[in-house]
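> Let me begin by handing over the structure; questions about it come next.
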Amino acid sequence: MTLLRDALTGNHYPGRGVLWCRTGDGTMLGAYFLTGRSPASQARTLQRTAGDELIVAPADARQHDHLRHYVAARQSGDLLIFGNGEQVSTVSDRLGSGLAPILALDELDYEPDPPIFTPRLTVIADNHEGGQAWFGAARHSTGSRAATNRLTLHVSDLAPGEGVLMTTYHSDRQGIATGAPFTEVRTTEDNRTDLLDELWSALPPELRIAAAVFAPGGLASADIRQAAETRV
């Protein structure tokens, strides 16, 4: 199993990422992070709303862009939904209408941003029955097919220190490709503050935008780290 720090430091451009893990103190936690290369991507912040949401918003008065600005995490009843785009709201609404998680993750598509066609990554998690989570990834084929490849992964009963990570991209400095379908990782951190420190320090410093760590039912007290203050 790959160390979380190694999985991130070995990726020179992870893009956006989702993590579900159990820290050493036994707490089930979700995490979301953003990195970006362009000025428009970097001019963003991760904010709490008055409701049970975290949103990715412009750091200034720029016009809303649905690919860059979206609800990144939302609590829906006993379920926590988080991910890298507007599909988080869609999945939350589907769950609210009574759909099971695996059905709520169906029929999502990758982002319409050729040539990379960024995957849409979504996690539905709770803190019951072993802290189970459902990961959904809507990905473009590595060939010429336009039809979306949809991956659903059910994770449960993680041991302390275990987690699952998805990133939109992977880069070896020579080029950028879509990230691996998923990576099983291990963290040596005991709590969410230390987990956020590990995430933040492992992301490329020149590309970091924001990262957050949160528990189901606890978005209002999410720990957030961001670099926007130095860029605005």
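> Please return the ranges of strands (runs of 3 or more DSSP E) entirely within the range 1-113 where 3 or more residues are within 27 Å of H128 (Cβ to Cβ).
Hits in the range 1-113: 16-22, 28-35, 53-58, 70-76, 79-83.
> Scan T167, T122 and give me the residue that is among the polar types (S, T, N, Q) and under 20 Å from G218 (Cα atoms).
T122
> Which residues, counting only those in the range 57-115, are surrounded by 24 or more Cβ atoms within 10 Å (Cβ to Cβ), hydrophobic (A, V, I, L, M, F, W, C) and either without any contact (Cβ under 8 Å) to a residue 40 or more places away in the chain or touching a Phe, Trp or Tyr at 6+ places or on another chain (Cβ under 6 Å) (or both)?
Across the range 57-115, the qualifying residues are A72, A73, F82, V88, A104.
> Right, next: Return the total of residues in the range 162-219 being out of contact with any Cys (no Cβ under 8 Å at 6 or more places or on another chain) and farther than 28 Å from P112 by Cβ.
Residues in the range 162-219 being out of contact with any Cys (no Cβ under 8 Å at 6 or more places or on another chain) and farther than 28 Å from P112 by Cβ: 24 in total.
> Would you check which residues across the range 128-161 are crowded, with 18+ Cβ neighbours inside 10 Å, in contact (Cβ under 8 Å) with a residue 60 or more places away in the chain and more than 13 Å from F182 (Cα to Cα) and list them?
The answer is G131, A133, L158, G161.
> OK, next. Being of a type outside the set (S, T, N, Q) and either surrounded by fewer than 20 Cβ atoms within 10 Å (Cβ to Cβ) or in contact with a Cys (Cβ under 8 Å, 6 or more places away or on another chain) (or both) is the filter here, so list the residues in the range 116-127 that pass it. Before the answer, list the steps.
Applying the first criterion (of a type outside the set (S, T, N, Q)) to the range 116-127 yields 116-117, 119-121, 123-126.
Those that are of a type outside the set (S, T, N, Q) and either surrounded by fewer than 20 Cβ atoms within 10 Å (Cβ to Cβ) or in contact with a Cys (Cβ under 8 Å, 6 or more places away or on another chain) (or both): I116, F117, D126.
> Out of the residues in the range 28-47 that are modelled with pLDDT of 95 or more and of a type in the set (S, T, Y), state the one that is farthest from L79 (Cα to Cα).
T35
> Quick check: is even one residue across the range 184-191 surrounded by 15 or more Cβ atoms within 10 Å (Cβ to Cβ), touching a strand residue (DSSP E or B) at 6+ places or on another chain (Cβ under 8 Å), closer than 26 Å to H69 by Cα and not acidic (D, E)?
Taking every residue of the range 184-191 in turn, none turns out to be surrounded by 15 or more Cβ atoms within 10 Å (Cβ to Cβ), touching a strand residue (DSSP E or B) at 6+ places or on another chain (Cβ under 8 Å), closer than 26 Å to H69 by Cα and not acidic (D, E).
The values are calculated or read from the model by the stated rules, or taken from the named source; none is laboratory data. All values derive from a computational prediction rather than experimental measurement. Using ideal geometry, Cβ is built from the backbone for each residue, glycine included, and neighbour counts are taken over all protein chains shown.
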